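What follows is a short report on a single structure.
The values are calculated or read from the model by the stated rules, or taken from the named source; none is laboratory data. Nothing here was measured: the structure is a model prediction, and the numbers come from that model. All Cβ positions, glycine included, derive from the backbone under ideal geometry; neighbour counts span all protein chains shown.
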Amino acid sequence: MIVDATGLVMGRLASVVATQLLAGNEIKIVNAEKAIITGRRESIYEEYFACRDRGHKERGPYFPRRPEMIMKRTVRGMLPYKLRRGRDALSRLRIYVGVPRDLSGQQFEQPQAAKVRGASSANFIELGDLSKRLGAHF
């Protein structure tokens with residue numbers, strides 16, 4: 001299953017993907033930088049900067065800055081990644097920034113459950129913008 005994350009809410013997409021991974025499906029997500037995070041821009045930045053600055057420089061915990069790694073970390077949080085079946089499920093996930101050449105001619109899906117609904121569509125930022133603000137270069 002190949003999912004195009006353009007315009008989809010990151011948290012909802014992560015829950016749909018986690019369910020599919022635990023069912024044994026292999027998932028590829030393209031255009032991860034175009035997924036959106038809903039909420040007030042300032043509060044989103046504060047939350048992610050707090051995650052990034054937490055811990056120690058040498059010992060961690062480390063929080064990713066690149067959009068595909070933030071997406072993977074979000075999906076991982078919805079899996080039992082410390083158990084064998086969670087690790088196996090996470091190994092069936094591939095996330096890409098943009099669309100790689102080998103996937104360019106194929107059909108992409110957009111799960112209905114992950115789309116933006118209602119009045120919340122006015123307050124959001126794209127994951128790529130957040131990553132650039134955190135210091136990622138992609």
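Condition check ((1) out of contact with any Gly (no Cβ under 8 Å at 6 or more places or on another chain); (2) under 22 Å from Leu103 (Cβ atoms); (3) among the small types (Gly, Ala, Ser)) across all residues:
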| site | (1), (2), (3) |
| --- | --- |
| Val3 | yes, yes, no |
| Gly7 | yes, yes, yes |
| Val16 | yes, yes, no |
| Tyr48 | yes, no, no |
| Arg52 | yes, no, no |
| Gly55 | yes, no, yes |
| Glu68 | yes, yes, no |
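From the residues in segment 75-114 that are of a type in the set (S, T, N, Q) and in contact (Cβ under 8 Å) with a residue 60 or more places away in the chain, which one is surrounded by the fewest Cβ atoms within 10 Å (Cβ to Cβ)? First the steps, then the outcome.
Just the residues of segment 75-114 that are of a type in the set (S, T, N, Q), to begin with: 91, 104, 106-107, 110, 112.
Next, only the ones that are in contact (Cβ under 8 Å) with a residue 60 or more places away in the chain stay: 106-107, 110.
On the way: Gln106: 10, Gln107: 6, Gln110: 14.
It comes out as Gln107.
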message: Given the criteria under 17 Å from the mean Cα position of the chain (by Cα), among the charged types (D, E, K, R), surrounded by 13 or more Cβ atoms within 10 Å (Cβ to Cβ) and at pLDDT below 95, does Lys72 qualify?
response: no
In segment 1-46, the residues that are over 15 Å from the mean Cα position of the chain (by Cα), surrounded by 12 or more Cβ atoms within 10 Å (Cβ to Cβ) and either under 18 Å from Asp129 (Cβ atoms) or of a type in the set (Val, Ile, Thr) (or both): Gly39, Arg41, Tyr45
task: Determine if segment 58-66 includes at least one residue that is modelled with pLDDT of 90 or more, touching a Pro at 6+ places or on another chain (Cβ under 9 Å) and part of a loop (DSSP other than H, G, I, E, B).
output: no
- line: Of the residues in segment 75-114, those that are under 16 Å from the mean Cα position of the chain (by Cα) and among the acidic types (Asp, Glu) number 1
Members of segment 115-132 that are assigned to a helix (DSSP H, G or I) and either under 16 Å from the mean Cα position of the chain (by Cα) or buried (at least 18 other Cβ atoms within 10 Å of the Cβ) (or both): Leu127, Gly128, Asp129, Leu130, Ser131, Lys132
message: Looking only at residues that are among the polar types (S, T, N, Q) and not in a helix (DSSP H, G or I) in segment 15-57, which one is modelled with the highest pLDDT?
response: Asn25
